[in-house]
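Worksheet: one structure, shown below.
Since every read-out is calculated from the coordinates, none of them should be taken as a lab result. Here the structure is a predicted model, which means the values were calculated and not measured. Reconstructed Cβ throughout: ideal geometry from the backbone, glycine too, with neighbour counts over all protein chains shown.
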Number of protein chains: 2
Amino acid sequence: MTLSIIPVPGIGEVQAGMDLAMVILGALEAAGLDLEDHDIVVVTHKVVSKAEGAVASYGSDAEYQAIKEREATAVIRRRGDLMIAVTRQGFICANAGVDRSNVKPGQVVLHPRDPDRSAHRMRVRFELATDKQLAVIVTDTFGRAWRRGLTDVAIGVSGMPAIHDYRGTTDTWGRELEVTEVAVVDEIASAADLVMGKADAVPVAIIRGLSWQEGEGRATDLVRSPGEDLFR
Amino acid sequence: MTLSIIPVPGIGEVQAGMDLAMVILGALEAAGLDLEDHDIVVVTHKVVSKAEGAVASYGSDAEYQAIKEREATAVIRRRGDLMIAVTRQGFICANAGVDRSNVKPGQVVLHPRDPDRSAHRMRVRFELATDKQLAVIVTDTFGRAWRRGLTDVAIGVSGMPAIHDYRGTTDTWGRELEVTEVAVVDEIASAADLVMGKADAVPVAIIRGLSWQEGEGRATDLVRSPGEDLFR
């Protein structure tokens with residue numbers, strides 16, 4: 001029942017066009033790690049975006065601001081340079097996911113074009129290479145409306161549902177649970193971040209020992225429709 | 001470097017007046033588990049509240065609603081029966097932390113009167129009993145403004161800072177990180193929830209192998225002041 005969170009070292013700097021799944025499998029092998037059945041491979045989006053070429057160059061601060069505006073499909077709030085915006089997938093985060101950290105000077109990393117698809121493609125590669133049943137989660141670091149500090153969340157998912165649905169489950173006294181939908185992939189993303197760090201080059205972690213429901217899921221399942229959203 | 005998340009079984013039903021720290025130490029011993037130096041003991045607030053008598057009885061739905069109103073220091077949004085409210089500590093969550101699940105019919109569990117203090121008292125007891133340096137986190141399950149599903153967060157902390165501060169840290173290229181404050185105790189709360197489940201009686205988990213900064217911290221450090229809050 002104990003859960004292990006295993007950092008995967010040795011990924012190195014990822015360049016556009018690299019086969020990231022192969023890079024990760026190589027790093028696992030070099031570290032003496034095997035993928036086991038029902039492992040979850042958590043990958044920070046930054047290396048996914050770099051491999052897919054989802055980066056942009058800027059020469060001035062005005063150009064950097066323009067990239068942020070271009071990536072946003074809607075802006076929720078602005079304060080100074082901070083822009084809380086909606087991404088193409090519907091995620092709400094700072095700067096529409098555009099980030100200047102851990103990338104060459106003069107470049108920014110964008111969100112992958114379709115992070116669920118990125119996760120799916122990696123999962124297929126990992127499963128073919130290992131003959132195990134796996135899940136893949138692509139993560140980013142988001143702020144929260146009412147709490148200081150940031151946490152990692154899922155922006156791409158493959159192989160498992162994004163939400164663990166407890167509807168119909170009863171407690172010891174036979175009462176239906178009030179907590180019915182747990183964003184389990186966000187909890188996994190946060191757990192993985194604990195071994196990754198922000199400045200260290202550990203963009204991949206393995207979650208081992210979690211009992212998860214099989215099935216198709218997408219990180220976009222976590223997007224609350226504007227009609228249900230009380231806080232836009 | 002591998003992190004372990006170890007569920008602690010055998011806590012059983014907690015009653016008002018019980019010495020929860022002793023109950024947890026007993027459950028650890030019965031399960032053949034020892035606390036090690038730098039372990040983090042994560043405890044769901046529900047057992048803390050029950051032990052401290054932070055529960056209330058209601059005979060009708062109107063009385064249940066009245067308890068919620070009484071626990072709220074301010075209301076952020078309402079929709080039907082759902083109330084997003086500010087707790088005494090300043091946390092923003094559904095129903096001001098009042099929950100009817102996993103408690104005797106006719107009762108609700110409230111937040112502990114001072115969850116940081118609850119965490120501190122347990123840490124002192126654990127450290128005295130084991131002669132190890134430990135941290136304690138008390139958790140609850142909160143919704144998020146813009147993402148479906150709930151995740152566990154910290155509402156009480158002792159022994160470690162709530163936020164890991166990366167200010168001044170630079171990336172490989174010497175650029176200051178844009179992500180400067182990670183809510184590490186919320187990530188730990190979410191990680192622990194992965195082994196706890198919502199209907200199972202596993203209200204305690206041990207996080208082992210995490211390298212954390214020593215120092216005093218409080219979960220209330222995560223409260224964003226109303227002036228900084230763009231989303232009230």
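For the range B:55-111, the relative contact order works out to 34 percent when only alpha carbon pairs closer than 8 Å and six or more residues apart are counted.
Report note on the peptides B:88-101, A:133-146: ranked by the mean count of other C-beta atoms within 10 Å, highest first, their order is A:133-146, B:88-101. The phi torsions of the range B:134-148, fed into the Karplus equation with coefficients 6.51, -1.76 and 1.60 and a -60° offset, translate into couplings of 9, 10, 10, 10, 9, 10, 9, 9, 10, x, 10, 4, 10, 10, 5 Hz, rounded to whole numbers, with Gly and Pro shown as x.
Counting only aspartates and glutamates at least 8 places from A:Lys132 when in the same chain, those with an alpha carbon closer than 15 Å to its own are A:Asp34, A:Glu36, A:Asp37, A:Asp39, A:Glu214. Rounded, prolate or oblate: which fits the range B:117-222 when a ≥ b ≥ c are the square roots of the eigenvalues of the alpha-carbon gyration tensor, with rounded for a/c under 1.5 and prolate only if a/b beats b/c? Oblate. In terms of packing, defined here as the mean over residues of other Cβ atoms within 10 angstrom, the peptides B:121-127, A:125-131, A:166-172 line up highest first as B:121-127, A:125-131, A:166-172. Here the contact order of the range A:141-232, divided by its residue count and restricted to Cα pairs under 8 Å and six or more residues apart, works out to 34 percent.
Secondary-structure-derived ellipticity at 222 nm for chain A, considering helices only, amounts to -8000 deg cm²/dmol, per-run term -39500 (n - 2.57) for DSSP H runs with n ≥ 4. Overall shape: oblate for chain A, with the ratio a/c of the largest to smallest alpha carbon gyration tensor axis at 1.5 or above and b/c at least equal to a/b. Among B:Arg208, B:Arg70, B:Arg117, the residue with the largest mean-square fluctuation in a Gaussian network model of chain B, with springs joining Cα atoms closer than 10 Å, is B:Arg70.
Considering only B:Gly26, B:Val223, B:Ile92, the residue lying farthest towards the positive end of the dipole of chain B is B:Ile92, judged by Cα position with unit charges set on Cβ.
For the residue pairs A:Lys46/A:Lys104; A:Lys46/A:Lys198; B:Lys46/B:Lys68, the alpha carbons lie no more than 18 Å apart in every case. Neighbours of B:Arg79, meaning other residues whose beta-carbon lies under 13 angstrom from its beta-carbon, give a summed charge of 0 when Lys and Arg score +1 and Asp and Glu score -1.
What's the whole-number percent of alpha carbon pairs in the range A:136-184 lying beyond 18 angstrom?
The calculated P(r) of the range A:136-184 puts 51 percent of pairs beyond 18 Å.
Distances from B:Asp229 to itself in the other copies, using label points 7 Å out along the Cα-Cβ axis, amount to 1.9 nm in increasing order. With its label point defined 7 Å out from Cα along the Cα-to-Cβ axis, B:Thr170 lies at 6.2 nm from the matching points of the other copies, in increasing order.
Given the options A:Gly80, A:Met160, A:Pro115, identify the residue whose Cα lies farthest towards the positive end of the charge dipole of chain A (+1 on Cβ of Lys, Arg; -1 on Cβ of Asp, Glu). Going by the charge dipole, the pick is A:Gly80. Magnitude of the charge dipole for the protein assembly as shown, about its Cα centre and with charges confined to Cβ atoms of Lys, Arg (+1) and Asp, Glu (-1), is about 1460 debye.
When you restrict to C-alpha pairs under 8 Å that are six or more residues apart and normalise by the size of chain B, the relative contact order lands at 27 percent.
Remark on the protein assembly as shown: Rg and Dmax equal 21.6, 66 Å (Cα only).
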